[in-house]
Ligand SMILES: NC(=O)c1ccc[n+]([C@@H]2O[C@H](COP(=O)([O-])OP(=O)(O)OC[C@H]3O[C@@H](n4cnc5c(N)ncnc54)[C@H](OP(=O)(O)O)[C@@H]3O)[C@@H](O)[C@H]2O)c1
């Protein structure tokens, strides 16, 4: 008689989780891409409130994401709405910061202390002063920052995993601005650089104020976030920045056109290409600025808005680990924010 193996099928239990409650701050390019995604994710995520810089709208049982933009045309809300965020959200709720606002970023540490999670595309949280970064880093497991550098590319995650695995990072170099990558990729000396900047702004590729890209300050924030995740307590003043344009002065198109054209002509004469590069080396400081680089340099590859980052460590000593991919755009940024929301919701 043959032995019979009886396998009793366990009834499949549907895993039902309560939807993750979120508040969305910022309904511009990224915020609106996120609202579109939320319509598909409604059972998993409950949008309890949304705000721009002037207005807010909220409903404890959940807002219909498709009505939020129109609803924000309504009454102005209290000036202290950022202070109210912690009251809108129940414990375990998540604030999604899709603004570029320093005023909002100043609240990150307080929201974390109040037990909330944060998913942010705003780099002014952990990419600002070291003291603010340290207050945030004390709650790292509830701080979703994938959208801040590389718009969701597995950059920060890889750097953190290398460290967690005992590796030591010696240097990082990167093309961290999708906007500047696009501008320098397109530039061929036939038309003024400032015209390309205007085109990038129309296409929604630039920061709300393009001088934030051209000043190098946005790239500096990304380098600070990357280096701090690599275990280096880098301060803003440790990074030397060579801007293409000043943030606090009117946009001087003639100056930027001449600067980029001269650099481009000299690079071309040496068979090189122009890239806006952020570098940090354990033995050589940190710098952000325009560089002429050889065609076989890892940072020379890629096209369009691609970000590229090379990481040298004990493990990757002579050949760096290189991560490359689309590093800008509302779609990928919104997807990265929601990945962080869902990860924290699960955790
Ligand atoms: N666009 C991209 O491809 C991209 C890629 C990666 C990362 N990011 C980052 O994502 C963030 C948003 O970028 P974006 O392109 O979506 O900017 P945006 O289109 O200018 O939208 C910014 C939004 O933030 C709101 N806002 C400003 N201050 C606020 C405050 N104090 N409270 C609440 N809301 C406030 C604005 O409201 P008002 O309209 O009332 O001013 C607007 O709705 C930035 O940090 C940017 O660096 C963007």
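Specify the angular offset, from 0 to 90 degrees and rounded to the nearest 10, of the alpha carbon long axis of helix 155-164 from the longest principal axis of the alpha carbons in the chain.
With both axes taken from Cα atoms, the answer is about 80 degrees.
If you average 1/r over every pair of different alpha-carbon atoms in the chain and take one over that average, what Kirkwood value in Å do you get?
Averaging 1/r across every pair of different Cα atoms and inverting gives 21.5 Å.
For region 216-283, state what percent of all Cα-Cα pairs lands in each successive 5 Å bin, counting from 0 Å until the bin that includes the largest distance.
Calculated P(r), rounded to whole percents: 3, 14, 20, 18, 16, 15, 10, 3, 0.
So how do 111-123, 307-319 stack up, highest first, on mean other-Cβ count within 10 Å? Before the final figure, lay out the partial values.
Working: 111-123: 23.0, 307-319: 16.8.
Output ranking for 111-123, 307-319: 111-123, 307-319.
Would you please state the base-10 log of I(q)/I(0) at q = 0.13, 0.20, 0.22 1/Å for region 166-310, with intensities from the Debye formula using one equal scatterer on every alpha carbon?
Results for region 166-310 at q = 0.13, 0.20, 0.22 Å⁻¹ read -0.56, -1.27, -1.48.
Of the peptides 167-174, 32-39, how do they stack up when ordered by the mean number of other Cβ atoms within 10 Å, highest first? Walk me through the numbers on the way to the answer.
Working: 167-174: 21.6, 32-39: 19.2.
Answer by packing, highest mean first, reads 167-174, 32-39.
Along its three principal axes, how long is region 224-337 when you only count alpha carbons? Whole Å, largest extent first please.
Here the spans come out as 44, 35, 34 Å, largest first.
Taking the Cα centroid of region 112-154 and of region 290-347, what is the distance between the two, rounded to the nearest whole Å?
Here the two parts' Cα centres lie 18 Å apart.
Please give the calculated 222 nm ellipticity per residue for the chain, where each DSSP H segment of at least 4 residues contributes -39500 (n - 2.57) and the sum is spread over every residue; nearest 500 deg cm²/dmol? Spell out each step's value before the answer.
Details: 13 runs with 122 residues, N = 347.
Helix-only estimate at 222 nm: -10000 deg cm²/dmol.
State, to one decimal in nm², a quarter of the convex hull surface area for the C-alpha atoms of region 98-231, i.e. the direction-averaged projected area. Walk me through the numbers before you get to the answer.
Details: hull surface 35.5 nm².
Average of the hull's projected areas for region 98-231 equals 8.9 nm².
So how many Å³ per residue does the convex hull of the Cα atoms of region 298-347 work out to?
Numbers: hull volume 3.9 nm³, N = 50.
It comes to 79 Å³ per residue, whole-number rounded.
To the nearest 10 degrees, how steep is helix 217-229 against the longest Cα principal axis of the chain, on a 0 to 90 scale?
Between helix and principal axis, roughly 60 degrees.
Would you mind telling me the antiparallel percentage of the DSSP bridges in the chain, rounded to 5? Let's see the in-between values first.
On the way: 30 of 49 bridges.
Once the DSSP bridges in the chain are tallied, antiparallel ones form about 60 percent.
Values in this text are rule-based calculations from the coordinates and carry no lab data. If you're wondering where the values come from, they're calculated on a predicted model, not measured in any experiment. With ideal geometry, Cβ positions are generated from the backbone for all residues, glycine too; neighbour counts draw on all protein chains shown.
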